[in-house]
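*Asks:* One structure follows; several queries about it will come next.
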Amino acid sequence: MLKQWLQMIFGRRSDGDSNGISVYVRCAKCGEVVRVRINKGSDISRNDDDVLFVRKMAMDGKCHSRIEMELFFDDAYRITKRSIQGGEFVAHEQWMAQQNRMVQP
Ligand SMILES: [Zn+2]
């Protein structure tokens, strides 16, 4: 169940960008959802255990809080572990919902 949920969030490539992985995080302070793009080539590296990982910092556009996240991947770039500070991971749909709200008058 959890695995399916993770695939739902991270498995899609809605932007058609096969070299990038998009994750969506929500600021703990103001609730702004931020899209974070991770480049497989330049962002992801291997740690001492030869595991693919990335440490990424995002800043939301509203209250400019720092959101720090750490993601681990298997060799197929599927997320196996993740942690976040200053916010929480949300689904692509929640980011889309925010975008839709923004374009409305
Ligand atoms: Zn914020």
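A short reminder: the numbers here are calculations on the coordinates, not readings from a lab. Model, not experiment: these values are computed from the prediction. Positions of Cβ are generated from backbone atoms using ideal geometry, with glycine treated the same way; all protein chains shown enter the neighbour counts.
*Asks:* Just to be sure I understand the model, the point goes 7 Å from the Cα along the line to the Cβ. What's the resulting GLN85 to SER18 distance in nm?
*Replies:* Output for this residue pair reads 3.7 nm.
*Asks:* Quick one: if the Förster radius is 25 Å, what FRET efficiency do LYS29 and ASN100 give, using the C-beta to C-beta distance and rounding to 0.05?
*Replies:* Efficiency, rounded to the nearest 0.05: 0.65.
*Asks:* Each residue of the range 34-51 in order: what ³J(HN,Hα) in whole Hz does its phi give by Karplus 6.51 cos²θ - 1.76 cosθ + 1.60, θ = phi - 60°, with x for Gly and Pro?
*Replies:* So the J values, rounded to whole Hz, are 10, 8, 10, 9, 10, 8, 4, x, 9, 9, 8, 9, 9, 8, 4, 8, 6, 9.
*Asks:* Cβ under 14 Å from ILE84's Cβ, ILE84 left aside: what net charge do those residues give with Lys, Arg +1 and Asp, Glu -1?
*Replies:* Neighbour charge sum, excluding ILE84 itself: +3.
*Asks:* For the pair ASN39 and ARG78, how long in nm is the line joining their label points, each one 7 Å along Cα→Cβ?
*Replies:* That separation, rounded to one decimal, is 2.7 nm.
*Asks:* Would you pull out the residues with amide H under 5 Å of ALA28's amide H, same chain only if 5 or more places away, H placed 1.01 Å from N?
*Replies:* GLY87, GLU88
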